[in-house]
Amino acid sequence: MLDPSGLTGHHGADISHLSTCMSSSNEITPVPALGQWEEALGVVAVHRDKKAYAELFSYFAPRLKAFGIKMFGNEQQAMEMVQDTMLNVWQKAALFDASRGCASTWIFTIARNVRFDMLRKKQSRKDDISADDLWENGDYPEQEGNHSQQWDLYLVAEKVAPYFDALPPAQRLVMEKVYLEEQSHQEVSEQLGIPLGTVKSRIRLALDRLREAIDGPRS
Amino acid sequence: MAHVVKFHPSLSLLEQYSEGTLTPEVALVVAAHLDFCPHCQSLHRDIEADLACSLAQQPAAAAEGQDWQQMLEAIVGTTAAAPVQKVVANEVSLQVGDHQFKLPRSLQRIAQKRSKWLSLGGIATAKLPGTADHHLSLLCINTGTEVPLHTHKGMEITLVLAGEMVDEMGRYAAGDLIINTPDHTHTPRNLSDEPCLCLSVLTAPLEFKQGLTRLLNPLQRFFY
């Protein structure tokens, strides 16, 4: 059950409450620790709880709007995307599955799909390729690869140093904390206020990008 | 699908796919590649988590004021969607001549909207809904057949869906994604004893290069 106090008093500037869902498979706890938004979605799904939903709305709607304006370049379509996305969150909360990813990832994928279908309809291509064809809803089983280990050696050898600066800033920051400051994934997650799963994702992406920079595209 | 996929989209192509900014036809080819490739599925999920986290962390003004309040009330005034039963669609297979192919999930719906198969030599092609800029089609290359040496005026993306083919650059099997730009020239061949089914996106017609096959150039539309 949701602790109601967990849903009050959070505002946009405070990121300390960001979820820490998706525990790694090599930790002892088998159950992912649910963050605030994952719990809120659960309460919305089960109890149609308007207060929990209003908290989600107040946090995500303005951020989706900023994202929409960046993608569409205008406020009207951005707001249409926000409304459609947040309506889906309200109506389909029961489909959210915390074991497959964070609340923010689920909401992002809904917004992406809404945006894709809006653009398609605008071009009156209603019969063609749709978001449902392109993105399977979280049905791919989580792959827990170990391809990161083999790269530790390269990193130690500083072979990748010249490529490090070319990483996207968010990925580089996580890499510096893990490989240079030798912090644990959990520490980085807490320090940056991002989900543990995202720390791991960013490391895997950065490693793949470094490998691509050194080896050329996978083939 | 025991075959290990060897030819993958670049990370930047995957990023645009995950973000939803690729052209639909190109996105569909990437989606079909993911249906074959656990490695790229996993990267795709990582990219989604990364993008979503950036979205959730950006600063934004609180949702205060009448507009937001009205939107919120309109939304919570609606009832929950009926529990969605996962539609287990009948798996669509594709019949080409007397050969049947299984299709990846992402192509199941769109493949039903294909045009009639047209055959020329050992090659059959059927168009899928595309746009003026991006022609999407299925291509079936028979055993022992080669597509004459050609170059591309635009970009050609090919995904092998079943069977095998080779060209000057390598050997490709189910799930392999091949991207050719105007500076590539190649002669895809099917040397195996099964037909090879491909999904192809072209941004401009092929141009045939050698001897008599140049006579094919008026037939470019067949491949486009």
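Just so it is clear, none of the values below were taken in a lab; they were calculated from the coordinates. Just so it is clear, the structure is predicted and the values come from calculations on it, not from any experiment. Because the Cβ atoms are built from the backbone with ideal geometry, glycine has one as well, and the counts that use them run over all protein chains shown.
For segment B:13-22, the Karplus equation 6.51 cos²θ - 1.76 cosθ + 1.60, evaluated at θ = phi - 60°, returns couplings of 5, 4, 4, 5, 5, 5, 6, x, 9, 6 Hz by residue, with Gly and Pro reported as x. Here chain B has an Rg and Dmax of 21.3, 72 Å, counting Cα atoms alone. Backbone phi angles across segment B:96-112, fed through the Karplus curve with coefficients 6.51, -1.76 and 1.60 (θ = phi - 60°), yield HN-Hα couplings of 10, x, 9, 10, 10, 10, 7, 10, x, 3, 5, 9, 4, 6, 5, 5, 6 Hz in residue order; Gly and Pro are listed as x. For segment B:93-223, the number of Lys pairs with C-alpha atoms closer than 18 Å, counting only pairs eight or more positions apart or on separate chains, is 5. Near A:G35, the amide H atoms lying under 5 Å from its own belong to A:T20, A:C21; only residues 5 or more places off or on other chains count, and H is placed 1.01 Å from N. Per residue, the average separation of C-alpha pairs within less than 8 Å and at least 6 apart gives chain B a relative contact order of 21 percent. Across peptide A:202-208, the average count of Cβ atoms from other chains found within 10 Å of a residue's Cβ is 4. Shown in residue order for segment A:76-83 are the 3J(HN,Hα) couplings computed by the Karplus curve 6.51 cos²θ - 1.76 cosθ + 1.60 at θ = phi - 60°: 4, 5, 4, 5, 4, 5, 4, 4 Hz (x for Gly and Pro).
Across the residues of A:45-58, average count of Cβ atoms on other protein chains within 10 Å?
On the way: counts 1, 0, 0, 3, 1, 5, 1, 0, 3, 6, 0, 0, 7, 5.
Mean inter-chain Cβ contacts per residue within 10 Å come to 2.
For segment B:93-223, the average shadow cast by the Cα convex hull is 7.4 nm², which is a quarter of the hull's surface.
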